[in-house]
Each structure stands twice: as C-alpha cells, then as structure tokens.
Amino acid sequence: MLGLPLHPLVVHLAVVALPVGALGVLASVLWPKVRQRYGVLALITLSVGALTAIAARLTGVVLAEQETLPETHATFGTALMIVSLVTAALAWLWWFLERRRDAAPPGSSPLAAMASGALTVTAAVAVVGLTLVTGHSGADAVWGSGRAQPGAVATEESAPAYTLAQVAAHNSREDCWAAVDGKVYDLTSWIGQHPGGPQRILNLCGTDATQAFTTQHSTKPRPNAQLASMQVGVLVD
Ligand code: HEM
C-alpha cells in the first residue's frame, strides 16, 4: 500500500504544488502587489509541495524495495526534498521580515528582507528546475530508457558467446566470471560489494553458479537487477 499506489499519487501532487508555489513565491518577492494578494497562498502551496516531496521520497524508498532502485531518480528526489524544504523555510523567513519591515518606521534598513528575498528567488528557481528533472527522470525510469531491464546490458543476439571452459579461466579475485542460467557475468567489481559477503561470490568464480544464485536469491528483484548489470555474454556448449 505504501509503495506503488501512494508514490505516483504524491509525486503528481508535488509536481504541481512545488512549481506553482515556487513561482508564486518568486512573483511575490518581485512584485509587492502579488505579495499582498497571493503571498500567503503561494507560501502555503510551496510548503505543501515541500511536505509532499518528503512523502514522495519516503514512498519512493518503499517502492524501491519492491522494484529495482532507479539511482538517478532517487538522487534527484532526495535533492528536491532538501532544496524544497530549505526554500519553504527561506520563503517564510522572507515573509516574516517583510511583515516586520511593513510595521517598522520609515527609513528602517530593508537589507535583511531584501537579502532573504534574493535567496528565496534563487532557491525558488532551483525548485522549479529540480522538479522538472526529477519528474523527467522518474518518467524515464518507468517508461523510457532508464527502465531497469533484466539482461539489458547485452541482448541475446549481440552478446558474445562463451563456453563453460572459457568461463572457468576467469576464476580469481582479480578476474571473476560466472555463468547463471545460460548467461555469462563478470562479477569482479561486485566481489567486495556483495551484501552477503565477498566469500560467497568468490566461491562462484569460474563456475556455473545457476544453482547457488537461484537457491539464494531466486526471483528477488535486486540481486537479479545487479546480476543483469554485470552480463558480458551468453553461455554456449
Ligand atoms: C552473482 C551472484 C550474486 C549476486 C549478483 C548477488 C546479489 C545480492 C544483492 C543485490 C543482495 C542485496 C539484496 C537486497 O538488498 O535486497 C544480496 C544479498 C545477499 N546475498 Fe547475494 N548475490 C549473489 C550470490 C549469492 C550467493 C551465491 C549467496 C549464498 C550462497 C548469496 C548470499 C547472500 C546473502 C546471505 C545476502 C544478504 C541477505 C539477503 O539480502 O538475502 N548471494 N546479494
């Protein structure tokens, strides 16, 4: 429930609320008339957007546990969450300083309000830009070329073919290949990164590891996506 149904729902809210709120705040800083009429509305919209960005990040993490993690999109999502929260905080600070300036006697220094206004405008532009790239990378992860596809590294037709004897020659920590289910993988760079420990991968070097891999990981998405990213060819007799 927390993953798939919620993530698309909250991201669409964030994708609307963040740019609308950020542009509204930007216009409020630049034009006092806009501030008077729509300032509070823009601030609330931006704040709702920032809270939705947190929700999007959290539901995205849950979703990544069920599917594979689209790295670029996750990085942008985290950046957007932080930048939108900072922007909302800056915008409220600017608002508070402007209100104080309105109440202050004529001739008081406008410096603090102006400085916070300039920071708010810069941050609001960053929010709009980051919302666009985060949304785009998310759409790409679902529909486009960024989609994590098992076996995407080498297609059956284009992949080089290796015999088990050739695979067996790559049987060391420095050069570790294994075959799984008719495909050949170079596991060398993964040895030290395996969450289940390096020894379990070292045991596979130079072998047909189909049974060891499927017994341990069967159809779990993460190990299979990791494996797919390391494919170097297909196994032939
Ligand atoms: C090329 C082969 C393998 C790959 C690509 C691989 C990949 C992975 C990945 C991605 C994880 C993290 C899982 C997660 O975060 O959900 C993991 C965890 C683990 N792996 Fe492997 N693995 C391989 C082979 C093996 C083998 C042969 C064994 C045992 C004989 C093993 C034992 C474990 C254990 C105990 C964990 C930690 C607990 C778990 O998440 O299941 N792995 N592996």
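Going through (1) closer than 22 Å to Glu71 by Cα; (2) more than 10 Å from the ligand (Cβ to nearest atom); (3) part of a loop (DSSP other than H, G, I, E, B) one by one, Pro195 falls short only on (2). Screening Ile54 with (1) in a helix (DSSP H, G or I); (2) farther than 30 Å from Gln226 by Cβ gives one miss only, at (2).
For every residue, the table says whether it meets (1) assigned by TED's automatic domain parsing to the domain that holds Val11; (2) under 35 Å from the mean Cα position of the chain (by Cα); (3) among the aliphatic types (A, V, I, L, M).
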position: Glu71; (1), (2), (3): yes, yes, no
position: Thr75; (1), (2), (3): yes, yes, no
position: Thr78; (1), (2), (3): yes, yes, no
position: Trp92; (1), (2), (3): yes, yes, no
position: Ser108; (1), (2), (3): yes, no, no
position: Ala113; (1), (2), (3): yes, yes, yes
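Is there a residue being more than 10 Å from the ligand (Cβ to nearest atom), of a type outside the set (S, T, N, Q), touching a strand residue (DSSP E or B) at 6+ places or on another chain (Cβ under 6 Å) and under 20 Å from Tyr162 (Cβ atoms) anywhere in segment 220-232? The answer is yes, given that some residue of segment 220-232 is more than 10 Å from the ligand (Cβ to nearest atom), of a type outside the set (S, T, N, Q), touching a strand residue (DSSP E or B) at 6+ places or on another chain (Cβ under 6 Å) and under 20 Å from Tyr162 (Cβ atoms).
Within segment 23-54, being closer than 17 Å to Phe96 by Cα and among the small types (Gly, Ala, Ser) holds for Gly24, Ala27, Ser28, Gly39, Ala42, Ser47.
Only one entry in Ser28, Ser47 is of a type in the set (Gly, Ala, Ser), closer than 22 Å to Pro8 by Cα and surrounded by 14 or more Cβ atoms within 10 Å (Cβ to Cβ), namely Ser47. Quick check, is Met114 of a type in the set (A, V, I, L, M, F, W, C) and more than 20 Å from Ile44 (Cβ to Cβ)? It is true that Met114 is of a type in the set (A, V, I, L, M, F, W, C) and more than 20 Å from Ile44 (Cβ to Cβ). Across segment 198-208, the qualifying residues are those that are near the ligand (Cβ under 9 Å from one of its atoms) and either under 25 Å from the mean Cα position of the chain (by Cα) or surrounded by 18 or more Cβ atoms within 10 Å (Cβ to Cβ) (or both), and the one among them that is farthest from Val167 (Cα to Cα) is Ile201. For segment 177-191, the tally of residues that are near the ligand (Cβ under 10 Å from one of its atoms), touching a Phe, Trp or Tyr at 6+ places or on another chain (Cβ under 9 Å) and either farther than 15 Å from Gln166 by Cα or not in a strand (DSSP E or B) (or both) stands at 1. Within segment 198-218, being over 13 Å from Arg173 (Cβ atoms) and part of a loop (DSSP other than H, G, I, E, B) holds for Ala209, Ser218.
Going residue by residue through segment 209-218, is there one that turns out to be at pLDDT 95 or above, more than 11 Å from the ligand (Cβ to nearest atom) and out of contact with any Gly (no Cβ under 7 Å at 6 or more places or on another chain)? Checking segment 209-218: not a single residue is at pLDDT 95 or above, more than 11 Å from the ligand (Cβ to nearest atom) and out of contact with any Gly (no Cβ under 7 Å at 6 or more places or on another chain).
The values are calculated or read from the model by the stated rules, or taken from the named source; none is laboratory data. Since the model is a prediction, treat every value here as computed from it, not as a measurement. Cβ sites come from the backbone with ideal geometry, for glycine too, and all protein chains shown count toward neighbours.
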